[in-house]
Structure formats: structure tokens, C-alpha cells
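Shown next, in C-alpha cells, is the structure this report addresses.
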Amino acid sequence: MNKSEKEWKKELTEDQYRILRKKGTEMPHSGTYNLHFEKGTYCCAGCNEPLFESSTKFDAHCGWPSFDESIKGKVGYVSDKTLGMIRTEIVCQNCNGHLGHVFNDGPTQTGTRYCVNSVSLEFKENK
């Protein structure tokens, strides 16, 4: 998905642009989807690409929505060495929007914790 920064700025809210395009982070415990456990699909707020199913969401008590698995082929992984840490950034494979980071400290069977900014997501309820 090739859009100019001008196009992204026009389409996204200020917070969405800061997080999805500039790799920002929302404050912990402030996001709409942190403690949201309805049945449905979490999609990229930038392009509507499905990213996570609600069945993979859990409360990691970290302040951000957490998932133990993404929808296959929908999330990309980028080495992130900013802030004096070595982490793995997660991005939407379709639009390259920043979602958050993934860690190998998840409490479920997968051992994975996708730590995602609510602002990066839109929720579509199952009907």
C-alpha cells in the first residue's frame, strides 16, 4: 500500500498518525481495547486489514491490548534497537503501520505476547 505521508496525515487522526506512521506509543492503560474482550476481529486502523482474532486476546496486565497469536501472514516483524533495548517491532504487512512489539514472555501455550497500541486497531464485532 503506497500512500504519501500527506495522504496518511489526511486519513488518520493525529494519534493514529503518530503511532502508525511515526512509531509512537500510547500511554499504558489508556487505550480503548486494553480491557476489551468482545468477540470479533481486531483490524489495522490504517488499512482495515484483519490482524488478530479476539480468541487470541488476553489480559497481560501490561496496560496495552495483548494477543498470543496473530492472523497468519498479517503481521510483519522488524528488529528494533531504539531506546537502548533490543526488541521486535510488529507492523501491519499490508500498510507497514506500527502496531507495537512482540515478546516471548506470554503466559499462554504459545509463549508469545503481542503488545499492541489500541490506537493502531479497529474492532469488528462478530455477528
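The values are calculated or read from the model by the stated rules, or taken from the named source; none is laboratory data. Predicted model, so just to flag it, every value in this text is computed and none were measured. Neighbour counts are summed over all protein chains in view; Cβ atoms, including those assigned to glycine, are modelled from backbone coordinates with ideal geometry.
Below is a table of values for the structure above.
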| quantity | calculated |
| --- | --- |
| Strands (runs of 3 or more DSSP E) contained in the stretch 65-127 and holding at least 1 residues touching a Pro at 6+ places or on another chain (Cβ under 9 Å), of a type outside the set (Lys, Arg) and buried (at least 16 other Cβ atoms within 10 Å of the Cβ) | 98-103, 113-116, 121-125 |
| Condition met for Gly24 (part of a strand (DSSP E or B) and either of a type outside the set (A, V, I, L, M) or surrounded by 15 or more Cβ atoms within 10 Å (Cβ to Cβ) (or both)) | no |
| Complete set of residues in the stretch 27-53 that are outside any loop (DSSP other than H, G, I, E, B) and of a type in the set (Gly, Ala, Ser) | Gly40 |
| Flag if Phe37 is modelled with pLDDT of 95 or more, surrounded by fewer than 22 Cβ atoms within 10 Å (Cβ to Cβ), closer than 23 Å to Met1 by Cα and of a type in the set (A, V, I, L, M, F, W, C) | no |
| Single unsatisfied condition, Glu26 versus (1) under 21 Å from Met1 (Cβ atoms); (2) out of contact with any Cys (no Cβ under 7 Å at 6 or more places or on another chain) | (1) |
| Cβ pairs under 7 Å, 6+ apart, first in the stretch 12-32 and in contact (Cβ under 8 Å) with a residue 40 or more places away in the chain, second aromatic (Phe, Trp, Tyr) and in a loop (DSSP other than H, G, I, E, B) | Gly31/Trp64 |
| Search result, residues across the stretch 1-21 that are hydroxyl-bearing (Ser, Thr, Tyr), in contact with a helix residue (DSSP H, G or I) (Cβ under 9 Å, 6 or more places away or on another chain) and assigned to a loop (DSSP other than H, G, I, E, B) | Thr13 |
